[in-house]
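The values are calculated or read from the model by the stated rules, or taken from the named source; none is laboratory data. Because the structure is a prediction, the values reported are computed rather than measured. Note: ideal-geometry Cβ built from the backbone for every residue, glycine included; neighbour counts use all protein chains shown.
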Amino acid sequence: MDRPLAIAVRARDRGRGGPGADAPAAFALEQVTVRRAGRLLLDGLSAQIPGAACTALVGPSGAGKSTLLRLLNRLAEPTSGVVRFRDRALPELDVLELRRRVGLVGQQPVLLTDRVVDDLRVGRPDLGEEQAALLMERIGLPAEMLARATAGLSGGEAQRVCLARALAVGPEVLLLDEPTSALDAASARAVEQTIRDLVADGLAVVLVSHNAPQACRVADHVLVLGGGRLVASGPADTVDYLRQGT
């Protein structure tokens with residue numbers, strides 16, 4: 001059974017469990033600095049991002065959250081320092097292999113085909129109907145939507161289809177850049193529930209969020225950035241930055 005189908009079957013059959021607190025780190029950053037056009041975006045940042053948990057990257061605008069997220073699948077490169085994935089420095093990995101193992105879903109949903117099922121097959125042309133239906137179940141949408149036109153989807157539906165498309169290739173980590181910022185409250189809560197379910201199934205999620213209450217609801221672990229530096233980290237229920245923002 002391949003990974004996306006196995007994830008969906010576990011989700012259908014499992015009882016709810018907590019995140020894998022004892023799982024090894026997904027990423028380790030060692031003295032990572034990023035400079036662009038004379039600007040210091042990240043400044044000697046060292047941190048670990050746990051596996052099988054949701055880690056929220058929080059902090060004010062310009063703190064370096066999106067820059068850090070882009071480093072994790074090499075959409076950006078550090079000026080100095082090392083980023084490791086599963087104990088291997090990222091340049092040691094083929095970039096296409098890395099991006100299959102570490103998927104990214106952006107702030108604005110971008111659908112690439114005319115039908116939902118075809119969008120799920122963008123990275124997996126061999127994805128069968130049963131697998132596609134299970135992935136739709138995984139994101140909380142009915143299998144009947146596979147035949148629908150992507151042009152008719154709501155913002156929340158489109159964002160969840162983007163999640164399913166990313167899951168179809170069987171990633172080990174999902175990177176989410178403000179995935180609910182353009183959604184209404186009901187759609188945002190549906191996406192949040194999907195994130196929690198994915199983490200309970202063993203996936204690692206890294207979430208950029210400006211929304212402190214959302215980070216409290218969704219995240220297990222938090223990295224607080226300020227001025228390109230790590231200013232706090234720890235379990236979500238212990239970080240003052242979140243408690244002050246709720």
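Taking region 50-70 as the range and being more than 12 Å from the chain's Cα centre (by Cα), part of a strand (DSSP E or B) and surrounded by 23 or more Cβ atoms within 10 Å (Cβ to Cβ) as the test, only Val58 passes. Of all residues in region 218-242, exactly one satisfies the criterion of being in a helix (DSSP H, G or I) and either within 17 Å of Ser66 (Cα to Cα) or at pLDDT 90 or above (or both), namely Val218.
Of the residues that make up region 194-203, is at least one farther than 28 Å from Pro142 by Cβ, outside any helix (DSSP H, G or I) and touching a strand residue (DSSP E or B) at 6+ places or on another chain (Cβ under 7 Å)? First the steps, then the outcome.
Going through region 194-203, the residues farther than 28 Å from Pro142 by Cβ turn out to be none.
Scanning region 194-203, I find no residue that is farther than 28 Å from Pro142 by Cβ, outside any helix (DSSP H, G or I) and touching a strand residue (DSSP E or B) at 6+ places or on another chain (Cβ under 7 Å), so the answer is no.
A search for C-beta distances below 6 Å between a residue of region 73-97 that is of a type in the set (Ser, Thr, Tyr) and any residue that is at pLDDT 95 or above, counting only pairs 6+ apart in sequence or on different chains, returns Thr79/Thr33; Thr79/Val34; Thr79/Arg35; Ser80/Thr33. In region 142-162, the condition of being among the acidic types (Asp, Glu) and surrounded by 13 or more Cβ atoms within 10 Å (Cβ to Cβ) is met by at least one residue. Across region 112-123, the qualifying residues are those that are in a loop (DSSP other than H, G, I, E, B) and modelled with pLDDT of 95 or more, and the one among them that is farthest from Ala28 (Cα to Cα) is Asp114. Take the conditions (1) at negative phi; (2) at pLDDT 95 or above; (3) surrounded by 13 or more Cβ atoms within 10 Å (Cβ to Cβ); Pro109 misses just one of them, which is (2).
Has region 37-44 got any residue that is buried (at least 18 other Cβ atoms within 10 Å of the Cβ), in contact with a strand residue (DSSP E or B) (Cβ under 7 Å, 6 or more places away or on another chain) and not in a strand (DSSP E or B)? Outline the logic, then answer.
First, pick out the residues of region 37-44 that are buried (at least 18 other Cβ atoms within 10 Å of the Cβ): 41-42.
So of that shortlist, the ones also in contact with a strand residue (DSSP E or B) (Cβ under 7 Å, 6 or more places away or on another chain) come out as 41-42.
Those left that are additionally not in a strand (DSSP E or B): none.
So far as region 37-44 goes, no, none of its residues is buried (at least 18 other Cβ atoms within 10 Å of the Cβ), in contact with a strand residue (DSSP E or B) (Cβ under 7 Å, 6 or more places away or on another chain) and not in a strand (DSSP E or B).
Restricting attention to region 88-106, the residues that are modelled with pLDDT of 95 or more and assigned to a loop (DSSP other than H, G, I, E, B) total 2. Criterion first (more than 21 Å from Thr113 (Cα to Cα), among the aliphatic types (A, V, I, L, M) and buried (at least 18 other Cβ atoms within 10 Å of the Cβ)) does Leu230 satisfy it? It is true that Leu230 is more than 21 Å from Thr113 (Cα to Cα), among the aliphatic types (A, V, I, L, M) and buried (at least 18 other Cβ atoms within 10 Å of the Cβ).
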